[in-house]
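Structure, as structure tokens:
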There are 2 protein chains.
Amino acid sequence: MSEHNIRVPVKDLVDFMIVALSKMGVPPEDARIIADVLITADLWGVRSHGVAHLKMYHERIKIGLQLPVTKWKIVKDTPTTAVIDGGYGMGMVVGTHAMRLAIQKAKKLGLGAVAVRNSSHYGVAGYYPLMAVKEGLVGLSVTNAHPSTAPTFGTKPMLGTNPIAVATPTDEAFPYMYDASTSVIPRGKIEVAARANKPIPEGWVINEQGTAVTESITIISEMNKGNVALLPLGGMGELMGGHKGYGLSTFVEIFSAAFQNGAYLSMLHDTDHDGKTQFLRIGHFFLAINVEHFIPLEDFKYITGNMMRELRSSRKAADQPRIYTAGEKEYFNTKRNQADGVEITPGVQKALQVLRKELDITGNDLGF
Amino acid sequence: MSEHNIRVPVKDLVDFMIVALSKMGVPPEDARIIADVLITADLWGVRSHGVAHLKMYHERIKIGLQLPVTKWKIVKDTPTTAVIDGGYGMGMVVGTHAMRLAIQKAKKLGLGAVAVRNSSHYGVAGYYPLMAVKEGLVGLSVTNAHPSTAPTFGTKPMLGTNPIAVATPTDEAFPYMYDASTSVIPRGKIEVAARANKPIPEGWVINEQGTAVTESITIISEMNKGNVALLPLGGMGELMGGHKGYGLSTFVEIFSAAFQNGAYLSMLHDTDHDGKTQFLRIGHFFLAINVEHFIPLEDFKYITGNMMRELRSSRKAADQPRIYTAGEKEYFNTKRNQADGVEITPGVQKALQVLRKELDITGNDLGF
């Protein structure tokens with residue numbers, strides 16, 4: 001183990017993930033799917049959602065929040081829509097099959113939408129729209145999550161971080177790819193601050209009274225008790241548009257749960273009213289749009305590419321070297337990480353060592 | 001004319017709007033459609049987008065930014081999708097026909113999406129998803145607009161206020177109805193401050209260097225020159241999620257323009273490079289989703305209604321009497337305004353008097 005970040009070759013990391021997942025009871029084909037979602041996050045530089053999550057999934061399987069074998073099934077099917085039951089399995093497996101189905105439908109009829117019930121954490125939301133982009137389509141996905149965010153004028157964690165992810169083809173080397181929580185920040189940012197023993201900025205989290213709190217370590221422990229909550233995008237009250245983030249988060253909650261008769265808000269706690277562990281029952285929604293049913297794909301790509309170039313080359317603020325477009329940072333991080341390996345922090349190195357021991361993994365040395 | 005707000009009965013206001021629009025050259029059936037969109041905004045209490053906009057549409061027709069007769073046509077049609085050319089006509093007319101078409105398609109096949117080119121300002125974005133809700137469907141609409149918002153780390157107005165509107169049925173007296181710009185505030189809020197000669201809060205608008213500016217009257221004049229810009233939802237930089245508002249605004253720009261091979265960003269200025277007036281070429285996107293293709297509508301309504309109730313009854317901040325859900329304020333405003341009449345400010349009274357004179361409207365006394 002190293003005191004510093006070390007870089008691990010992508011292939012080694014993927015192989016390790018597949019072995020670890022298999023040892024957790026995940027079938028080989030599913031393990032490959034999950035590893036692909038996780039490594040995508042690591043390649044983008046979204047460390048919170050990559051290999052670092054392996055241990056969380058292991059814990060959840062152990063205590064019975066989700067199952068390692070994903071017995072998903074289609075419970076409703078029409079030419080453009082479907083509802084899938086995830087069987088309390090692995091979110092990435094259900095998510096990948098659901099998005100594939102939406103893409104198939106969109107290829108035939110122009111549009112495809114699939115709602116998923118009884119799933120679990122599905123990794124980075126942006127992975128699924130990108131599946132559509134790889135096939136020349138536009139993709140969208142949203143998911144609900146464990147309650148963490150307060151409604152405007154409220155203080156109780158009611159909504160999840162509820163990300164919206166959309167991706168579209170462009171004529172550039174990388175697509176437009178938007179993937180962000182509708183809370184002001186994702187939970188992971190507080191964990192990063194807590195590990196560094198640093199306060200968080202005012203405007204991210206509030207306490208039971210609705211007052212801003214900044215002590216990251218206290219926040220982490222209080223959040224699980226429901227005593228503090230993330231603010232929605234736009235922050236406190238309505239002055240800076242907090243009601244917009246709240247409204248968008250509600251949109252995500254509706255799309256994730258109501259199309260599949262599923263669980264939402266407080267039903268997404270990992271224990272029931274009696275404190276008994278229950279299956280997670282996370283819901284997702286996937287939409288694929290076939291560009292060719294509107295205009296030729298090449299025209300679409302030219303327009304979106306041009307938009308990105310026009311935005312990036314517009315006038316910069318005095319202290320800013322450049323303007324980015326959504327998906328650009330992820331693209332450049334991926335190039336770098338593919339070449340040099342994925343950076344693994346000392347904290348994650350430690351967690352993976354524990355996991356290696358717990359799962360009795362003897363090969364697959366990661367170099368730490 | 002009154003020095004104060006006065007309330008005008010809804011019917012009188014609608015009749016006046018229809019007469020005024022007819023005098024502008026709008027055909028009677030189209031005038032009724034437009035008046036319905038405008039009165040909806042007034043009923044919601046979104047004064048900026050109601051009868052107050054009549055004068056703006058008149059100016060735009062006069063100088064040739066848009067045409068009073070809307071010769072829209074379907075230029076591409078598939079079972080689930082369509083592209084409509086708005087013929088530089090009235091946005092509400094094109095928008096209403098486009099959403100109707102999306103609804104028709106969704107009723108048959110589950111999903112319907114329509115992209116619109118060569119349109120103009122279409123009023124409140126939320127009107128269109130509500131058309132879907134009235135038919136028991138879920139609706140979504142986005143539109144691009146005149147450049148006013150800077151990308152994160154930029155300072156030039158590149159993107160419009162680019163609203164996202166989504167509405168879904170519930171089992172309550174009113175639906176979930178979200179309709180908000182992806183900029184931190186809509187432009188109208190600055191106009192309100194300017195009329196009252198009040199500064200705006202820091203965090204809404206930046207100047208060419210990227211510094212916050214608050215002088216509302218200066219901002220209005222500088223905005224049209226491109227010297228100041230609205231910030232995206234989430235504000236300046238990335239600390240409070242400004243890149244999220246920027247990314248969502250880009251999503252709206254793509255959906256509004258790229259599916260219909262249309263105009264975007266700087267192409268949406270009302271003058272060309274030589275300063276010559278040009279047609280507006282605004283684009284919209286409409287999506288309708290047939291709930292019954294997923295689960296029974298009654299189940300969907302029960303879930304969304306329950307969500308709204310759970311959110312509203314959750315723990316309130318110390319100084320807050322209540323929590324709202326999206327669409328609730330609009331519902332209660334509508335009830336009040338239907339009963340008591342729509343409040344017309346002295347400024348709008350004056351504008352309508354001018355319009356009455358210009359259009360030589362002799363009847364339709366509005367009581368001021």
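Numerical summary
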read-out: Gaussian network model of chain B, Cα within-10 Å springs - most flexible of B:Asp319, B:Asp42, B:Asp12; value: B:Asp319
read-out: Taking chain A and dividing mean pair separation by its residue count, relative contact order in percent (alpha carbons under 8 Å, at least six apart); value: 23 percent
read-out: Viscosity 1.002 mPa s, temperature 20 °C, Stokes-Einstein D of chain B from Kirkwood C-alpha radius, µm²/s; value: 100 µm²/s
read-out: Value of Rg to Rh for segment A:249-323 (Rh from inverse mean 1/r over Cα pairs, i.e. Kirkwood); value: 1.26
read-out: Between segment A:242-274 and segment A:311-330, the Cα center-to-center distance that results, in Å; value: 34 Å
read-out: For residues of A:263-270, the mean tally of beta carbons on other chains within 10 Å; value: 2
read-out: Average beta-carbon neighbours from other chains, 10 Å sphere, peptide B:226-236; value: 3
read-out: Percent of alpha-carbon pairs separated by more than 23 Å within segment A:157-297; value: 47 percent
read-out: Test item: Cα-centred dipole of segment A:185-230, Lys/Arg +1 and Asp/Glu -1 on Cβ, debye; value: 200 debye
read-out: About the Cα centre, charge dipole magnitude for chain A (Lys/Arg +1, Asp/Glu -1 at Cβ), debye; value: 200 debye
read-out: Neighbouring partner chain Cβ atoms per residue of A:299-308, average, 10 Å criterion; value: 5
read-out: ³J(HN,Hα) computed for each position of segment A:158-174 - Karplus, 6.51 cos²θ - 1.76 cosθ + 1.60, integer Hz, glycine/proline x; value: 10, 9, x, 6, 5, x, 10, 10, 9, 9, 9, x, 9, 8, 8, 6, 9
read-out: Set of lysines with alpha-carbon distance to A:Lys357 below 16 Å, sequence-local pairs under 8 removed; value: A:Lys23, A:Lys55, A:Lys62
read-out: Segment B:185-230 - convex hull of the alpha-carbon atoms, volume per residue in Å³; value: 57 Å³
read-out: Taking segment B:185-230 and dividing mean pair separation by its residue count, relative contact order in percent (alpha carbons under 8 Å, at least six apart); value: 38 percent
read-out: Under 20 Å from the Cα of A:Lys225 - aspartates and glutamates, other chains or at least 8 residues apart; value: A:Glu59, A:Glu191, A:Glu208, A:Glu215, A:Asp270, A:Asp272, A:Asp274, B:Glu310
read-out: Mean-position separation - Cα centroids, segment B:1-62 and segment B:78-157, in angstrom; value: 21 Å
read-out: Cα convex hull of the protein assembly as shown, projected area averaged across orientations, nm²; value: 29.9 nm²
read-out: Trypsin sites (Lys or Arg not before Pro) lying in DSSP loop within segment B:303-368, provided at most 10 other Cβ fall within 10 Å; value: B:Arg322
read-out: For segment B:294-363, projected area of the alpha-carbon convex hull averaged over all directions, nm²; value: 9.6 nm²
read-out: Sequence of A:Asp36, B:Asp30 once ranked by neighbouring C-beta atoms within 10 Å, starting from the fewest; value: A:Asp36, B:Asp30
read-out: Efficiency of FRET between B:Ala339 and B:Gln209 - r from beta-carbon atoms, R0 45 angstrom, step 0.05; value: 0.35
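Bear in mind that the values in this text are calculations on the coordinates, not laboratory data. Here the structure is a predicted model, which means the values were calculated and not measured. Quick reminder, even Gly has a Cβ in these numbers, built from the backbone with ideal geometry, and neighbours come from all protein chains shown.
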